[in-house]
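Only one structure is covered here, and it is reproduced in the block below.
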Amino acid sequence: MHGPALDIRREVAAYWVFAAYAVAVVVLARGQDAIWAAWAVPAYGVAAVMLPRSRTWHVAMLTAAFAVAVPLLLMLAQGDLTAGMAVIQRSAALLIRDGSPYLPSWQLSSWLSYNPYLPAMALFGLPSAVGLKGAPGDPSVWLVLATVAALAGAFAALVPHHVFRCADCRHDVLRYTAFAAACPVLALNLAVTTTDPPVLALMLLALALASYPERTLAAAAALGLACAMKPTAWLAIPVLAAMLRSRDGTRAAVRFAAISMAFIVAATIPALLASPAATVQNTVLFPLGLTRHLTPAGSLMPGDLLARSGSYGHALAVGLLVVAGLAIAVSLIVRPPRDLRAATWRLAIGLALMFGLGPAERFGYFIYPLGLAGWLLLTRRREGGPGRQMPTTDSGP
């Protein structure tokens, strides 16, 4: 029988790798990324040294606190919202006032005027929109809390016992959740508050719940909420539906897809009815780079480079994105994934292809394939162990 997926030696090695990455960010980056890295380097280094001498979940919790919470609070104290958080705050106010989170066409005066997110993302801005000030009204705080809650729910779904009745399972959930949050893939995005962490965390929650045939409806709801926030989660619907069809039958797959898509419909139809032109311009044309004002974010990915080379290059990038989507669809029909791990790998590879070939993508979107790969490493099964359980980990000496 193999040892735990996250044994002490692997965790120590991981923290040293994290520290090396944070050092590179200190040297190469500026602004908020550098602030995060300045706190993350000592946090990872101390964790690697102290881990063999301390309880593993205590170390993971402290590392997450110093790699995420401290730099986040410092940035919040500066009082300046990031572009994404400002968009969310504005969209929530518009949703309450106009029934649509999108500015009308005549008010789209710069790239910051656009809201590429789906209406459910405005939920993080509602506390501010109803009058809460400071940290309680800041979308960043609610985004981080939602991400951590979804991660904890994902790991709690995989432990063999109820977390409130089993101390070892509770410590495992705390340790895995804190370790995942402290990983640079998530920690940097949480500290500088991008909009991708809660979407990824909800996708992981859906994957964990889908491990159990009796929980596929809950999995569909979790994925549906993620899909109602950003289209980056949409590919998970056909991939998981194909897996469920192989495992549980056509009815289960159709029910899963219908519930997930119902969240998208419920979130977007009111906005479409309130302002159809603005909804299309913000959520379809702007992400595809087809609007007058373009995002300044660049990724140097093949699709982004093609799109910036001119109209023909842009058309070619869109065409490649369509071809990639069709190739993924054909693969799901010809050779559907037979189990959840195969589906997760298919999803990670598919997202990496689409982000690499899309005309207006950015490096930050690779949080999804990297996060999915990390999830597979953290939740891999013990040889001969139960197929749906997260490995039981050592709580400390």
| query | Can you name every residue in the stretch 204-218 that is surrounded by fewer than 24 Cβ atoms within 10 Å (Cβ to Cβ), modelled with pLDDT of 95 or more and of a type in the set (Gly, Ala, Ser)? | reply | Ala218
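Assigned to a helix (DSSP H, G or I) and either of a type outside the set (A, V, I, L, M) or in contact with a Ser or Thr (Cβ under 7 Å, 6 or more places away or on another chain) (or both), is that true of Ala37?
Spelling it out, it is not the case that Ala37 is assigned to a helix (DSSP H, G or I) and either of a type outside the set (A, V, I, L, M) or in contact with a Ser or Thr (Cβ under 7 Å, 6 or more places away or on another chain) (or both).
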| remark: Going through (1) of a type outside the set (Phe, Trp, Tyr); (2) closer than 15 Å to Arg175 by Cβ; (3) in contact (Cβ under 8 Å) with a residue 24 or more places away in the chain; (4) buried (at least 21 other Cβ atoms within 10 Å of the Cβ) one by one, Asp7 fails only at (4)
| request: Kindly indicate the residue of the stretch 110-159 that is outside any helix (DSSP H, G or I) and of a type in the set (Val, Ile, Thr) and also surrounded by the most Cβ atoms within 10 Å (Cβ to Cβ) among those meeting that condition. | output: Val159
| message | Cβ-Cβ distance below 7 Å, separation of 6 or more or different chains: which pairs start in the stretch 13-31 with a residue that is among the β-branched types (Val, Ile, Thr) and end on one that is in a helix (DSSP H, G or I)? | response | Val23/Val41; Val25/Asp33; Val25/Ala34; Val25/Ala37; Val26/Ala34; Val26/Ala37; Val26/Ala38; Val26/Val41
| said: So, in the stretch 274-303, exactly how many residues are touching a Ser or Thr at 6+ places or on another chain (Cβ under 9 Å) and without any contact (Cβ under 8 Å) to a residue 12 or more places away in the chain? | reply: 1
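Residues checked against (1) of a type in the set (Gly, Ala, Ser); (2) assigned to a helix (DSSP H, G or I); (3) modelled with pLDDT of 95 or more:
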residue: Leu202; (1), (2), (3): no, yes, yes
residue: Ala220; (1), (2), (3): yes, yes, yes
residue: Leu223; (1), (2), (3): no, yes, yes
residue: Pro238; (1), (2), (3): no, yes, yes
residue: Met243; (1), (2), (3): no, yes, yes
residue: Phe256; (1), (2), (3): no, yes, yes
residue: Met261; (1), (2), (3): no, yes, yes
residue: Ala267; (1), (2), (3): yes, yes, no
residue: Ala271; (1), (2), (3): yes, yes, no
| request: Give the residues of the stretch 76-109 that are of a type outside the set (S, T, N, Q), assigned to a helix (DSSP H, G or I) and surrounded by 20 or more Cβ atoms within 10 Å (Cβ to Cβ), sorted by residue number. | output: Gly84, Met85, Val87, Ile88, Arg90, Ala92, Leu94, Leu95
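The values are calculated or read from the model by the stated rules, or taken from the named source; none is laboratory data. Given the structure is predicted, the values throughout are model-derived calculations rather than measurements. FYI the Cβ positions are ideal-geometry reconstructions off the backbone, even for glycines, and counts take in every protein chain you see.
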